[in-house]
Amino acid sequence: ERATLDALNMYDPWESWNRRVYHFNYRFDEWVFLPVVRGYEYVTPHFVRSGVSNFFDNLGDVPNLLNNLAQLKGKAAMETTARLLFNTTFGVLGLWDPATKMGLHKRSEDFGQTLGFYGVGGGPYLMLPILGPSNLRDTSGLVTDFVAAREVNYLNYSELSREYWELPVLEIIDKRYSNGFRYGQMNTPFEYEKLRYFYTEARRLQIHE
């Protein structure tokens, strides 16, 4: 057991704070987020939820494109551009995803990966309130991607979301609905350590793929 914990050890100088945030996220998920998601599933048919997810996935291809370009991944950038064009036009603003059926699969990239691509280390592990596992590099990348998407204002979404608060709320609900992770699902008292390890290793693999 001690050897296993040692293997899961990661650079976590703010562990005391991170553990408090982890427990907050656990309870927030249990008492607020998941009940809202279950209510969302109850009142909306599956095809509506699918359309909502496709719409926000289409918007998410904007930062994907910017980061593919920043990493000089020409083929991925062209495929992401094609996805945006096909899904926005033939997919009616992204409500459908014909691009995937055409073999143009999503190339997810974020600014945290871009920084890692150029050799920037992850830095200290960081558990973000509500958002979950991250690190110092990826948190700065998250902010950069958010600002970039707002500036691009694809489909006029940034302006519409300022006028209609329901849109960003729906986006948040959809992100939690689309994320299959559930706190406590590992059924272990060491979930914090395992989650930290899996996040760190997954990010390492994503950067080097």
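We did not get these values from a lab; they are worked out from the coordinates using the rules stated. The structure presented is a predicted model; accordingly, all values stated were derived computationally and were not measured. Cβ: placed from backbone, ideal geometry, glycine included. Neighbour counts: every protein chain shown.
Return the FRET efficiency for the residue pair His105, Leu167: r is the Cβ-Cβ distance, R0 is 30 Å, and the value is rounded to the nearest 0.05.
Efficiency, from the Cβ-Cβ distance: 0.70.
In whole angstrom, and with the biggest value first, how far do the Cα coordinates of the stretch 112-178 range along each principal axis?
38, 24, 17
Would you mind pulling out the separation of the Cα centroids of the stretch 1-76 and the stretch 162-209, in Å?
2
Angle check, please: helix 15-28 long axis (alpha carbons) against the longest principal axis of the chain (alpha carbons), in degrees 0 to 90, nearest 10.
50
Given H placed on each backbone N at 1.01 Å, which residues far from Leu128 in sequence or on other chains put an amide H within less than 5 Å of it?
Excluding prolines and chain starts, which carry no amide H, the hits are Ser134.
Under a no-solvent Debye model with one identical scatterer per Cα of the chain, what's log10 I(q)/I(0) at q = 0.10, 0.13 Å⁻¹?
At q = 0.10, 0.13 Å⁻¹ the computed log10 ratios are -0.50, -0.86.
Does anyone have the angle between helix 136-152 and the longest principal axis of the chain? Alpha-carbon axes, 0 to 90°, nearest 10?
So the helix axis and the longest Cα principal axis differ by about 20 degrees.
Taking 0.36 nm per residue of sequence separation and subtracting the Cα-Cα distance, how much length would be gained by fully extending the chain between Glu191 and Val152, in nm to one decimal?
Computed gain between Glu191 and Val152 is 10.2 nm.
Hey, got the Cα dimensions of the stretch 140-209 along the principal axes, in Å, largest first?
So the extents along the principal axes, rounded to whole Å, are 44, 28, 18.
From zero outward in steps of 5 Å, how is the percent of C-alpha pairs of the stretch 79-198 spread across the bins?
2, 9, 12, 17, 20, 18, 13, 7, 2, 0
Provide the gained length on full extension for the span Phe47 to Arg182, in nm with one decimal, where the gain is 0.36 nm per separating residue minus the Cα-Cα distance.
Result: 46.3 nm gained on full extension.
Could you give each residue of the stretch 190-200 its phi-based ³J(HN,Hα) in whole Hz, using Karplus coefficients 6.51, -1.76, 1.60 with θ = phi - 60°, and x for Gly or Pro?
Here the 3J(HN,Hα) series is 10, 4, 4, 5, 5, 4, 4, 5, 4, 5, 4 Hz.
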